[in-house]
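Down below is the structure, laid out as structure tokens.
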């Protein structure tokens, strides 16, 4: 499966889960999410490699009433493995972290990541206390994993994908992306729910 095919499945799962928000890591995860279907509930991160899982964790803790999806890359997650420890410690039942693992740093030139040489992100997630962790290699297994994810505790799904070139890039206006996302999920600038100020 390609990254775009995998991300289309995540988007479909998010739409089925009451139009749940998706936090996408910079680079190919953001490009492919935008290509799969832009919407206000998509939060594209820029200049923050390794932080999508932390942003998604914070959102899941702040909004336990909503399922939260994160699309991360293998290289980005390897930069912030500590987020897995915090996810395993806090155990937000509504968090689904999908790691699109092409075994490359796609945005910086295609260099190998540690997963090319045996690093196992599923095993790392389990070692950090995340019981619902698995690796998938097909669209069918990804669909099944997404169907079971985020109901009984945090889930980490490592989706092994073939690389691919980005098709299109989302807006680079960070303020616009933030304001659109916060309005879509019912949060105000002050961090209160329901759009109240």
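Miscellaneous remarks
- Matching residues in region 121-137 - criterion: being at pLDDT 95 or above, part of a loop (DSSP other than H, G, I, E, B) and over 21 Å from residue 49 (Cβ atoms): 129, 130, 137
- Matching residues, region 121-131, being touching a residue at least 12 places away in the same chain (Cβ under 8 Å), more than 14 Å from residue 80 (Cα to Cα) and surrounded by 15 or more Cβ atoms within 10 Å (Cβ to Cβ): 122, 129, 130
- Counting only helices (runs of 4 or more DSSP H) that fall entirely inside region 1-74 and contain at least 3 residues that are buried (at least 22 other Cβ atoms within 10 Å of the Cβ) and in contact with a helix residue (DSSP H, G or I) (Cβ under 6 Å, 6 or more places away or on another chain), the qualifying elements are 3-16, 28-37.
- Filtered residues of region 66-90 (kept if over 22 Å from residue 136 (Cα atoms) and in contact (Cβ under 8 Å) with a residue 12 or more places away in the chain): 66, 86, 89, 90
- Residue within region 146-168 that is within 21 Å of residue 58 (Cα to Cα), at pLDDT 95 or above, assigned to a loop (DSSP other than H, G, I, E, B) and in contact with a helix residue (DSSP H, G or I) (Cβ under 6 Å, 6 or more places away or on another chain) present: yes
- Taking the numbered list (1) modelled with pLDDT under 90; (2) surrounded by 18 or more Cβ atoms within 10 Å (Cβ to Cβ) in turn, residue 173 passes all entries but (2).
The values are calculated or read from the model by the stated rules, or taken from the named source; none is laboratory data. Because the structure is a prediction, the values reported are computed rather than measured. Heads up, the Cβs are rebuilt from the backbone with ideal geometry, glycines too, and the neighbour counts pull from every protein chain shown.
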